[in-house]
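Chemist: The following block contains the structure, expressed as C-alpha cells.
Derivation of every value follows stated rules applied to the coordinates shown; laboratory data play no part. Model, not experiment: these values are computed from the prediction. As a convention, Cβ positions derive from the backbone with ideal geometry for all residues, glycine included, and neighbour counts pool all protein chains shown.
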Amino acid sequence: MTTINKKIRRRSFMKVSALTGGGMMLSFNWLAGCSPEKQEEMKKELALPDEWYEMNSYIKIGENGRVTLMSANPEFGSNVKTSMPMILAEELDIEWDGVIVEQADFYPERFDRQFTGGSQGIRRGWQPLRTAGATARQMLVNAAAQTWQVPAGEITTAAGMLYHKASNKEAGYGEMASAAATMEIPENVELKNVSDFQIIGTSRKNVDGKNIVTGKPMYSLDHQQEGMLIAMIVHPPAFGMQVRSVNADPVKNMPGIKDVFVFETLPDDYERMGFDTSSFTKLVAIVGNSTWEVMNAKKQLQVEWEEAPEKKVVVQGWSGKEEVLIPGGIESTDGHKARMEEMAQKKAQVLRKDGDFEAAYKTAAKTIERTYNAPYLAHNCMEPMNCFADVTADKALVYGPIQAPEMIMPALSACLNMPRENIKINLSRMGGGFGQRAYGHHMVEAAVISQKVKAPVKMIYTREDDMSYGIYRPTYTATYRAALDEDNNLIAFHVKGGGIPEHPVAANRFPAGAVDNYLAEGWAIQSNITIGAFRAPRSNFIGGAEQSFLDEVAELAGKDPIAFRLELLERAKNNPVGTDNDYDPDRYAGVIKLARDKANWDSSDNSNRGVAAYFCHNTYVAEILELEMENNSPVIPRVIAAVDCGIVVNPDAAANMGEGGIVDGIGNALFGEMTFTEGVADKQNFDKYRLIRQAEAPKSIEVHFVENDIDPTGLGEPLFPPIFAAVANALYKSTGKRFYNQPFGKDLESAGSRM
Amino acid sequence: MATFTLKINGTERQVDVDPSTPILWVLRDHLKLTGTKYGCGIAQCGACTIHLNGNAVRSCQLPVSAAADNEITTIEGLSENGDHPVQQAWLELDVPQCGYCQAGQIMNAAALLERNPSPSDEDIESAMNGNICRCGTYIRIKKAIKKAANA
C-alpha cells in the first residue's frame, strides 16, 4: 500500500462536517494528495492564493448509508462524471450501484481546475480523488474503532460495510457516518494496491445514461425559467468587418420582439486571458419571447457593416503576457495559400537542432521531401453555442456549456462591472466540446444581454452563427525532408511547419532523439480569423503529417512501416540523440507491438492497411486501419487501436472514447474543411460542411489497452491525431496514390472516386 | 397567431403560435418538451427527429399548422419508463458520449424497427445516415439497433 501523509496540508485541503439530519460530509479540494512540490507547482500554475481553504468536491454519507459523490469537472461526453467518482468510490470501498453522482457548480471564490480539456481530467484527478476516498474510509474506520472500543487496525471494510472479525461486529457506513463526522482528519491514509481494485478497471455505465435516452433536460439549451426571454446575436458576416449601424425599428415591431440593440463585450483595452478569444466584440442582440419569433426577426434585421481597423490586444496566455496584433483587412483561403507558400520558403524560427541536417542531406544516398497541408476546421458541437444568464443589479447567474469556467470569470466580472463573488457559474452538461467550449465568449454575451434587458435570458446561436463565428482549428502546412545512408538508415530528418496563426511543430517529439541530424523549424502568419483549441491542438495536424511522411520514408528504405518505426524507437532508447525527447521509447514501441499483434500484421498481406502511431497528451497510441475501394468509394472495414494510458479506470467507456476519436479523425481526414471567401465562412451549416455519417464510419473498431500499473493519463485526444495518417497510408495501399492535402476526399473525388 | 390543438405523446395540447412555427420550437419553447433537440434547423442533422403518425420526421421543418390533428411522439413519450427496446439497447451498450444527438438517433431507430423489424447493416446505414453524431458513436448505434431488433 502507498501511505499518503497529509500532515502539512490537511487543514488546507480537507474538511469534515456533520450533515444536518445525520451523516458525514468530507469536503476536499483537488490538491489533496499532491506532493508538496506538486502543490506548489499547481498553485503557481493555477494562480492560487497561499492561504486557501475552499473545498470544491465532497463525499456525503447519509445515516441511511446513501453515498453522494461530487463530480467537479464539466462533462462534455468524455464520461468524467462517471469515471472520476469511480476513483473516489474505489478508495472509499463502497459498492458502485446506488451511488449518487452530482455535478458540481463553479464558484468564483474556489479557484481550481474545474477544467475539462487537454485530456487532463483523470490524470490530474487520480491522486486527489484516491486520497479523499481513502481519508473518508479511514474516518469511518476510526469512528467504528471508537464506538466498538477496538483497535482501528483490526477493522476491515468491504462494499460499504465495516467489520471487526474478532468481536464479530459489523456496521454499515451510514451507521458510523455521524460519528465519523466528529473524527479528526487522519494524518496518514493508506491507498489500495492496484491489484485490489474492485471498481477501477471494471466497466460502469454512464451515470446520465437514462436521462439521455429519455430526453431529460440536461443541457443549458434546455433550460427554462419563468419570465425568461430568448436572445440571438447577429455577428459580422465576415472576419475583418464590424457593425457600423443598425436599423432596428422595423424589426422591433415584429411579433414577440422585445428589444434590438448593439452591445459590446470585451473593450479593446481589456487585458484578456488566454481563453478570452472573441471573434467579434461588438454585436447586435435581438431579444424576444420565443426562439422562432427571434429567428424571424434576425432574418429581417438590416445591419450596415464596415471594415474593422487593425487592433492590438494584450493577452495573458500560458506563456505570459503578450501584445497580439489583430490585423485589419479581408482574407480569403486563396490568399492564405499563397502567403503560406511564400512563408514556407523563408527563414523560420529554429525550434531544435541536433547535428547538421543540411550537411547530412547533401551527401546522403537517398533523400525525400514532401509537403502536407490541412485547412481550418470548425468544431461543430451538436449543441450550438448558447447560454442562460440572469443578471440583476447586484448579482449574476450564468449557466451554460463551458470547459474552463475559471478562465471566463475575469471577463464576466469586467463586462458586468461586478465583483467575482457576486457571479455564479453553473455547469451544464455539454452537447460536445472538442475545445470550442474552452472559450466563454457566449457566456459574456448572454450576461451582458441579460444585464441590458434586466431579465433572465437564454441566448442561442443558430447553427450558422456557430459555424461562422470562428475560433477554428488553424490551417497548417509542414514540409518534411529525410535522408538515408547506403544501408537505408535514417540519418537526417527535417520538419518545417507553419500555419495561420501558429505553427504546429512539437520539436521534441519522435522522431527527435532517434536521428543524428535533426532540425525542427516553425513560422506563423497573423490573421483576423480567430482560432482556438480543437481536439489535440497542433497534434491533430502534425501527428498525421509526420506519420504519413514516415510511411514514405520506410518505403524509400525498403522497410516494413512497423519494423521501421520500432527500429527508430530502439535507437532512441539505446542511444538517444539529445536530452529533451518527450516520450518513452519503450511505451511507444509497446503500443506499436500490441497493435501489430492484434492485427496479425506479421502474417497478413497488409495490402489494404495503413499504420500510424503517435504520442501526445501523455498517452501512446498505435492504429492500423483497413481501407478498401468499393464501388469507387472508400470503405473502412476495420480499425485496430492500441493504447497505453496507464491504468484504465472505466474500460468500456474508455473504448467508447477511443472509438469516437477514431471516427472523428476519419471524418475530418476525409471531409473536414472550412474555407473563406472575402472573409466569409464558405460553409455555414451541415448541407455544406460535411461531417462523417453512419454509412462512412468504420464497420468495426477495436481499442486494446496496454495493461500496466502506471497512473492513468487522458484519452479524449490521443486517438485522434494518428488516424489521419492511418487513413492516408491505407488510401495509398488501396489506390497507389499518396494523399498530402486534407481533406483527402477532395483529391479522391478529383481522381474520379465517388465521395 | 393561431390556436392549434396538438396530439403529443397521447395528450391533447393547445398552443397559440404563428402557424409557420416549426413543431420543434413549439415543443421546446411552448410545451417545455426539450428532449427534441435543435441542431441545424435545415433537416441535415436529425437531432430534432420525432414521430408523426409513427414515421420519423424532422421537426425543424414541420410547421405547426401541418402537424395539428396528427399523432406526434417525442422522446419523452417513446415509452412510459424509458424501457422501449431501443432505449434499453442504448443503455446496455452505453452508446452516448455527449448525448445531444441521441434522442434523434433513438427516435429514428425506433421508427426504422417499426417498419423493418430485422434490418441489415446496410438498412441501418441507409436509414440512419441522416443523423449526425459528432462524438462518433456510430458503431455502438448500429450495434444497439441490432440488439433492439433481436430483443
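Chemist: Would you please name the trypsin sites (Lys or Arg not before Pro) within segment B:6-46 that are DSSP coil residues with at most 15 other C-beta atoms within 10 Å of their C-beta?
Modeler: Those that pass, being in a loop and sparsely packed, are B:K32.
Chemist: For A:Q349 and A:F197, what is the calculated FRET efficiency with R₀ set at 51 Å and r taken between the beta-carbons, to the nearest 0.05?
Modeler: Rounded to the nearest 0.05, the efficiency is 0.65.
Chemist: Further, regarding this structure: With each label point set 7 Å from Cα along the Cα-Cβ vector, what nm distance links A:S17 and A:E154?
Modeler: Simple spin-label model gives 3.6 nm for this pair.
Chemist: Cα convex hull of segment A:330-422: how many Å³ per residue?
Modeler: Each residue corresponds to 239 Å³ of Cα convex hull volume.
Chemist: Please pull out the direction-averaged projected area of segment B:39-118, using the convex hull of its alpha-carbon atoms, in nm² to one decimal place.
Modeler: Average projection, Cα convex hull of segment B:39-118: 5.8 nm².
Chemist: How big is chain B by the Kirkwood estimate over distinct Cα pairs, in Å?
Modeler: After inverting the mean inverse Cα-Cα distance, the result is 15.4 Å.
Chemist: Please give the peptides A:578-588, A:719-729, A:220-230 ranked by average Cβ packing (other Cβ atoms within 10 Å per residue), highest first, as a rough proxy for protection.
Modeler: A:719-729, A:220-230, A:578-588
Chemist: Now for a different question. Please say if segment A:604-738 is rounded, prolate or oblate, where rounded means a/c under 1.5 for a ≥ b ≥ c the square roots of the C-alpha gyration tensor eigenvalues, and otherwise the choice is prolate for a/b larger than b/c and oblate otherwise?
Modeler: It is oblate, given that a/c is not under 1.5 and a/b is not larger than b/c.
Chemist: Here is a follow-up. Label points 7 Å out from Cα along the Cβ direction at B:N81 and B:K32: separation in nm?
Modeler: With each label placed 7 Å out from Cα toward Cβ, I get 2.5 nm.
Chemist: What's the center-to-center distance, using Cα atoms, between segment A:554-587 and segment A:687-714 in Å?
Modeler: Computed from Cα coordinates, the inter-centre distance equals 25 Å.
Chemist: While we're on this one: In peptide B:124-135, what is the residue-averaged number of other protein chain Cβ atoms found within 10 Å of each Cβ?
Modeler: That average works out to 6.
Chemist: Show me the ranking of peptides B:91-104, A:234-247, A:335-348 by mean Cβ neighbours inside 10 Å, starting with the highest.
Modeler: The peptides rank, most packed first, as B:91-104, A:234-247, A:335-348.
Chemist: Gap in Å between the Cα centre of segment A:206-221 and the Cα centre of segment A:430-471?
Modeler: 21
Chemist: Give me the base-10 log of I(q)/I(0) for segment B:85-149 at each q in 0.17 Å⁻¹, Debye formula, one uniform scatterer per Cα, rounded to two decimals.
Modeler: Reported log10 I(q)/I(0), two decimals: -0.47.
Chemist: Please report the equivalent ellipsoid semi-axes of segment B:2-77, computed as sqrt(5 x eigenvalue) of the Cα gyration tensor, largest first, in whole Å.
Modeler: After scaling each eigenvalue by five and taking roots: 17, 13, 11 Å.
Chemist: May I pose another question? Beyond 50 Å, what percent of the Cα pairs of chain A remain?
Modeler: 19
Chemist: Could I ask something else about it? Quick one, what does Rg over Rh come out to for segment A:244-350 if you take C-alpha atoms and the Kirkwood Rh?
Modeler: Here Rg/Rh amounts to 1.12.
Chemist: So what's the convex hull volume per residue for the Cα atoms of segment A:369-477, in Å³?
Modeler: 105
Chemist: Something else now. Could you give the distance between the Cα centres of segment A:634-668 and segment A:320-376, to the whole Å?
Modeler: 31
Chemist: Non-local amide H neighbours of A:G160 (under 5 Å, H modeled in plane, Pro and chain starts lacking H): which ones?
Modeler: The list, which skips near neighbours in sequence, is A:I94, A:E95.
Chemist: FRET efficiency for A:E749 and A:K366, Cβ-Cβ distance as r, R0 = 41 Å, nearest 0.05?
Modeler: 0.80
Chemist: Along the charge dipole of chain A, pointing to its positive end and built from +1/-1 on Cβ of Lys, Arg, Asp and Glu, which listed residue (A:A414, A:N188, A:W126) has its Cα farthest out?
Modeler: Highest projection toward the positive end goes to A:A414.
Chemist: Rg and Dmax of segment A:599-659, Cα atoms, in Å?
Modeler: 13.9, 43
Chemist: Relative to the present Cα-Cα distance, how much length would full extension add between A:N64 and A:K424 at 0.36 nm per residue of separation?
Modeler: Additional length available on full extension: 126.4 nm.
Chemist: Return the average number of partner chain Cβ atoms within 10 angstrom of each residue Cβ along peptide A:646-654.
Modeler: If you average over the peptide's residues, the count of other-chain Cβ atoms is 1.
Chemist: Could you order peptides A:689-699, A:487-497 by the average number of other Cβ atoms within 10 Å of their residues, highest first?
Modeler: A:487-497, A:689-699
Chemist: Between A:L325 and A:D687, what FRET efficiency follows from the Cβ-Cβ distance if R0 is 35 Å, with the result rounded to 0.05?
Modeler: The value I calculate is 0.50.
Chemist: Among all helices in chain A defined by DSSP H, which have a length of 30 Å or more along the axis from Cα atoms plus a Kyte-Doolittle mean of at least -1.0?
Modeler: Once both thresholds are applied, what remains is A:121-148.
Chemist: Averaged across the residues of A:428-435, what count of C-beta atoms belonging to other chains lies within 10 Å of each residue's C-beta?
Modeler: 4
Chemist: For chain A, what does the helix formula give at 222 nm: sum of -39500 (n - 2.57) over DSSP H segments with n ≥ 4, over the residue count, nearest 500 deg cm²/dmol?
Modeler: Estimated from H runs of four or more residues: -9000 deg cm²/dmol.
Chemist: Of the cross-linked pairs A:K424/A:K454; A:K454/B:K32; A:K362/A:K573; A:K683/B:K37; A:K252/B:K7; A:K598/A:K737, which ones have a Cα-Cα span greater than 25 Å in the structure shown?
Modeler: Over 25 Å Cα-Cα: A:K362/A:K573; A:K252/B:K7; A:K598/A:K737.
Chemist: Quote to one decimal, in nm, the extra length available between A:E184 and A:D711 on full extension: 0.36 nm per residue of separation minus the C-alpha distance between them.
Modeler: Going from the current span to full extension adds 186.8 nm.
Chemist: Starting from the Cα of A:T147, step 7 Å toward the Cβ, then list every residue of segment A:59-95 with an amide N under 14 Å from that point.
Modeler: Flagged as within label range: A:61-66.
Chemist: Something else about it: Need the list of aspartates and glutamates near A:K205 for cross-linking: C-alpha distance under 12 angstrom, and skip anything on the same chain fewer than eight residues off.
Modeler: Result set, ordered by chain and number: A:D97, A:D652, B:E92, B:D94.
Chemist: For segment A:488-588, state what percent of all Cα-Cα pairs lands in each successive 10 Å bin, counting from 0 Å until the bin that includes the largest distance.
Modeler: Cα pair-distance distribution for segment A:488-588, in percent: 14, 44, 30, 11, 2.
Chemist: So, one more: Quick check: pseudo-label points 7 Å beyond the Cα along Cα→Cβ at A:V303 and A:E358, how many nm apart are they?
Modeler: 5.0
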